[in-house]
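> Handing you a structure now.
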Amino acid sequence: MTIQVFGLPVSQGIAIGRAVLVASSRVDVAHYYVEGEQALQFEIERLQRARSQVIAELSSLQADIPKDAPPELWALMDVHLMLLNDESLIAATQEWVTERSYNAEWALSAQLEVMARQFDEMDDEYLRERRADIEQLTERMLKALNGHAAQAAHPSNGHVIEQGDDPVVLVASDIAPADMLQFKHSIFTGFVTDVGGRTSHTAIVARSMAIPAVVGAREASRLIRQDDWVVIDGDAGVVIVNPSPIILDEYRFKRREIELERARLDRLRHKPAVTLDGIAIDLLANIEQPSDVQHAVHAGAMGVGLFRTEFLFMHRNGHLPDEEEQYTHYLQAIEGLDGQPLTIRTIDIGADKPLDRMTTHELRHEHILNPAMGLRAIRWSLSEPSMFQTQLRAVLRASAHGQVRLLLPMLAQIAEIRAIRQQLMVAKKELTQSGIAFGEIEVGAMIEVPAAALMASTFARDFDFISIGTNDLIQYTLAIDRADEQVSHLYDPWHPAVLRLIHQTIAAAKTVGCPVSVCGEMAGDVAFTELLLAMGLRSFSMHPSQIAEVKQIILRSDVRRLGAVLDRVLLSDHPEQTARTVFDAVRTLQGAAA
């Protein structure tokens, strides 16, 4: 039966494939295909060895249970051992390997989802609760499988064996931003999650990957079953489960049209971004990893306007990258840009991007009452001077090899500016004393909180450049946690207060001759391109996949005419409607003049 699930469209495009359900606690399970009879047999042997190992572990634990222990503990062990010795469990898991060419971990996870659904549908409460036993055993077997590594190709090495006729899409309750990065070179063609908002970092990474995605789909992971055929419409925010052949053909046709449009836009990548009235616009890229530079350059970016370094710190079990490792990553990005500027943002950790272990403070995301308002971004860096010094030294060293700019997130206080300057002086002094070369870097401030926007003229005088982070600026202006799907519908980039703060910031920077850019999601949203041009913005930083579409708008814009009607938009109580009306009129005039 065909059903539709509705969510938020966060990354455009159409994805069609079989569903792979992934529980959030096991989102890092490897998913890859294996080919060849020997490789398939090896995966089956891995499953068998893992099961034998877990049986031995549980038997040993059971033997060590004290005689005075509660009888329920003995019974629990018996249940787990009984389940492990059930040949139907291992046989069904092996079918995923032999029939679908799944690796052992993927096969085990797939079978878990099937069995968990079966337990959930049981009438007997006691039997329903046995789902937890299956999950615990699966976790044990997955850990055991890590000790029996596969010899087949693995996504982490950048190569995936292409086998199997059916593409696959990922379905999960939620996906952490760092986990999303693991899918950059994976087999998934799209994803859908139960939770999330349009500007959650998971959604941002999805857009940077140009992978169709729908988030906030509420019951998706419950309604969609393992191996269901799924269509993800990243434009409309609709997920269609088990579509009819007619619907499938319609979406395949639509997907082909999207591919053709992308190919047409791709021809613009080497064309300078210059408006009809001759104003040159800088189009820069946002990246998460040094390897993203290649995609940015190919897309026609004139440099990197935002390198989110926090992704270098995630999924490391508390072991933060040292100075040499960071320096190597930054150098790799510089070399890939071939002389174009690299803007490195210091670690912006906290809120929906927690570390596995927050160093000295050992902060845990779930223990913080309000992480979006807490110790995050520059506040956290200043509270961890040793960590901050390590990053500053790595950035300074990298600046000896190219054009590097340092960007500081979530500034709000004059005292923070003084503290940062002091930290920079210390880092330069240490490098000088050690005889290590470093270059001169420009230092910029991110305008992300209303306090900083209202003090934009002060920040513009104290820094070499400023960059407006619209995602957080909207969040803090409207008092909305952008990762909370319960209030995500209130997140409104068109809110008059938001637009006036952005305009005020751009105007203040221009008054003192300070370069200003926008690096938040609004920069890559073509609905705002003309408005930002009218406000005086001349530098946009966005995901590489968005550059061509934004450039197309710029090439068709007359900034002088757009600026003449800006006040009507800013003074409106309904700026989105007003902008649509007045900018449509401007485009009509431009067409008539042409």
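The values are calculated or read from the model by the stated rules, or taken from the named source; none is laboratory data. Note that the structure is a prediction, hence the values are computed from the model and not measured. For neighbour counting, all protein chains shown are included, and Cβ atoms are generated from backbone atoms with ideal geometry for every residue, glycine included. Heads up: the accessible areas ignore ligands, DNA and RNA and are worked out on the full protein's heavy atoms, side chains in. Shrake-Rupley method; radii C 1.70, N 1.55, O 1.52, S 1.80 Å.
> Find the residue count for the range 479-506, including only residues that are open to solvent by less than 40 Å² (accessible area, probe 1.4 Å), assigned to a helix (DSSP H, G or I) and under 28 Å from residue 344 (Cα atoms).
Going through the range 479-506 one residue at a time, the tally reaches 6.
> Here is a follow-up. Does residue 545 qualify as being surrounded by 21 or more Cβ atoms within 10 Å (Cβ to Cβ) and modelled with pLDDT of 95 or more?
no
> Name the residue, out of 426, 449, that is more than 20 Å from residue 341 (Cβ to Cβ), open to solvent by 40 Å² or more (accessible area, probe 1.4 Å) and aliphatic (A, V, I, L, M).
Every option except 426 fails the conditions.
> Further, regarding this structure: Looking at (1) open to solvent by less than 40 Å² (accessible area, probe 1.4 Å); (2) under 20 Å from residue 29 (Cβ atoms); (3) modelled with pLDDT under 75, which is the one condition that is false for residue 163?
Going through the list (1) open to solvent by less than 40 Å² (accessible area, probe 1.4 Å); (2) under 20 Å from residue 29 (Cβ atoms); (3) modelled with pLDDT under 75, residue 163 breaks only (1).
> On to the next question. Would you mind finding the one in 55, 3, 44 that is modelled with pLDDT of 80 or more and in contact with a Leu (Cβ under 6 Å, 6 or more places away or on another chain)?
55
> Listed residues 518, 512; which is touching a residue at least 40 places away in the same chain (Cβ under 8 Å), surrounded by fewer than 22 Cβ atoms within 10 Å (Cβ to Cβ) and among the aliphatic types (A, V, I, L, M)?
Result of the check over 518, 512: 512.
> Restricting to the range 539-568, name every residue that is under 30 Å from residue 210 (Cβ atoms), hydrophobic (A, V, I, L, M, F, W, C) and assigned to a helix (DSSP H, G or I).
547, 548, 550, 553, 554, 555, 559, 562
> Can you pull out the strands (runs of 3 or more DSSP E) entirely within the range 231-347 that have at least 1 residues that are modelled with pLDDT of 95 or more and under 19 Å from the mean Cα position of the chain (by Cα)? Walk me through how you get there before you give the answer.
Details: elements: 238-241, 282-287, 304-308, 342-345.
Answer list for the range 231-347: 282-287, 304-308, 342-345.
> So, one more: Taking interchain pairs and intrachain pairs at least six residues apart, which have beta carbon atoms under 8 angstrom, with the first residue in the range 401-412 and small (Gly, Ala, Ser) and the second open to solvent by less than 10 Å² (accessible area, probe 1.4 Å)?
Pairs found: 402/337; 402/342; 412/452.
> Taking the stated definitions as given, is residue 441 farther than 22 Å from residue 306 by Cα, hydrophobic (A, V, I, L, M, F, W, C) and either out of contact with any helix residue (DSSP H, G or I) (no Cβ under 8 Å at 6 or more places or on another chain) or touching a residue at least 24 places away in the same chain (Cβ under 8 Å) (or both)?
Values: farther than 22 Å from residue 306 by Cα: no; hydrophobic (A, V, I, L, M, F, W, C): yes; either out of contact with any helix residue (DSSP H, G or I) (no Cβ under 8 Å at 6 or more places or on another chain) or touching a residue at least 24 places away in the same chain (Cβ under 8 Å) (or both): yes.
Here the answer is no, as residue 441 does not meet what is asked.
> Can residue 207 be described as closer than 20 Å to residue 255 by Cα, of a type in the set (D, E, K, R), at pLDDT 65 or above and crowded, with 20+ Cβ neighbours inside 10 Å?
On the way: closer than 20 Å to residue 255 by Cα: yes; of a type in the set (D, E, K, R): yes; at pLDDT 65 or above: yes; crowded, with 20+ Cβ neighbours inside 10 Å: yes.
Judged against the criteria, residue 207 is a match.
> Determine whether residue 466 is of a type outside the set (Asp, Glu), within 16 Å of residue 536 (Cα to Cα) and without any contact (Cβ under 8 Å) to a residue 40 or more places away in the chain. Give the derivation first.
Numbers: of a type outside the set (Asp, Glu): yes; within 16 Å of residue 536 (Cα to Cα): yes; without any contact (Cβ under 8 Å) to a residue 40 or more places away in the chain: no.
Answer is no for this residue.
> To continue, here is another question. Restricting to the range 468-525, give me the number of residues that are farther than 25 Å from residue 444 by Cβ, at pLDDT 90 or above and not aliphatic (A, V, I, L, M).
Residues in the range 468-525 being farther than 25 Å from residue 444 by Cβ, at pLDDT 90 or above and not aliphatic (A, V, I, L, M): 4 in total.
> Name every residue in the range 251-260 that is surrounded by fewer than 14 Cβ atoms within 10 Å (Cβ to Cβ) and either in contact with a Phe, Trp or Tyr (Cβ under 9 Å, 6 or more places away or on another chain) or more than 11 Å from residue 231 (Cα to Cα) (or both), in order of residue number.
Result: 253, 256, 257, 259, 260.
> Say we look at the range 190-201 and pick out the residues that are within 16 Å of residue 491 (Cα to Cα) and touching a helix residue (DSSP H, G or I) at 6+ places or on another chain (Cβ under 7 Å); which of these is surrounded by the most Cβ atoms within 10 Å (Cβ to Cβ)?
My answer is 196.
> Going through the range 261-294 one residue at a time, which ones are touching a Ser or Thr at 6+ places or on another chain (Cβ under 8 Å) and open to solvent by 50 Å² or more (accessible area, probe 1.4 Å)?
Result: 276, 282.
> If you don't mind, there's one more thing I want to ask. Which of the numbered conditions does residue 422 fail, given that it passes all the others? Conditions: (1) among the polar types (S, T, N, Q); (2) within 21 Å of residue 539 (Cβ to Cβ); (3) modelled with pLDDT of 95 or more.
Of (1) among the polar types (S, T, N, Q); (2) within 21 Å of residue 539 (Cβ to Cβ); (3) modelled with pLDDT of 95 or more, only one is false for residue 422: (2).
> Now, a different point. Within the range 569-584, identify whether any single residue is within 22 Å of residue 473 (Cβ to Cβ), among the polar types (S, T, N, Q) and crowded, with 20+ Cβ neighbours inside 10 Å, and answer yes or no.
no
> Another question about this same structure. What are the residue pairs meeting all of these: first residue in the range 417-429, first residue touching a residue at least 40 places away in the same chain (Cβ under 8 Å), second residue among the aromatic types (Phe, Trp, Tyr), Cβ atoms under 7 Å, and 6 or more apart or on different chains?
Pairs that qualify, where the first residue is touching a residue at least 40 places away in the same chain (Cβ under 8 Å) and the partner is among the aromatic types (Phe, Trp, Tyr), are 423/388.
> Inspect the range 67-77 for any residue being within 17 Å of residue 18 (Cα to Cα), at pLDDT 70 or above and open to solvent by 20 Å² or more (accessible area, probe 1.4 Å) and give the result as yes or no.
No.
> Something else about it: For the range 381-409, give me the residue count where each residue is in a helix (DSSP H, G or I), in contact with a strand residue (DSSP E or B) (Cβ under 7 Å, 6 or more places away or on another chain) and β-branched (Val, Ile, Thr). Talk me through it step by step, then tell me what you get.
Step one: list which residues in the range 381-409 are in a helix (DSSP H, G or I), which gives 381-383, 385-401.
Narrowing the set further to residues that are in contact with a strand residue (DSSP E or B) (Cβ under 7 Å, 6 or more places away or on another chain) leaves 395, 398.
Keeping just the survivors that are β-branched (Val, Ile, Thr) gives 395.
Looking only at that region, the number is 1.
> While we're on this one: State which residue is nearest to the chain's Cα centre (by Cα) when the search covers only the range 521-558 and only residues that are of a type in the set (A, V, I, L, M, F, W, C) and under 17 Å from residue 343 (Cβ atoms).
542
> Given the structure, is residue 557 of a type in the set (S, T, N, Q) and closer than 18 Å to residue 268 by Cα?
In short, yes.
> Residue 444 versus (1) open to solvent by 10 Å² or more (accessible area, probe 1.4 Å); (2) at pLDDT 95 or above: which is the lone unmet condition?
(1)
> Take the residues of the range 348-379 that are at pLDDT below 65 and among the β-branched types (Val, Ile, Thr): which is least open to solvent (accessible area, probe 1.4 Å)?
Restricting to residues being at pLDDT below 65 and among the β-branched types (Val, Ile, Thr), the top hit is 359.
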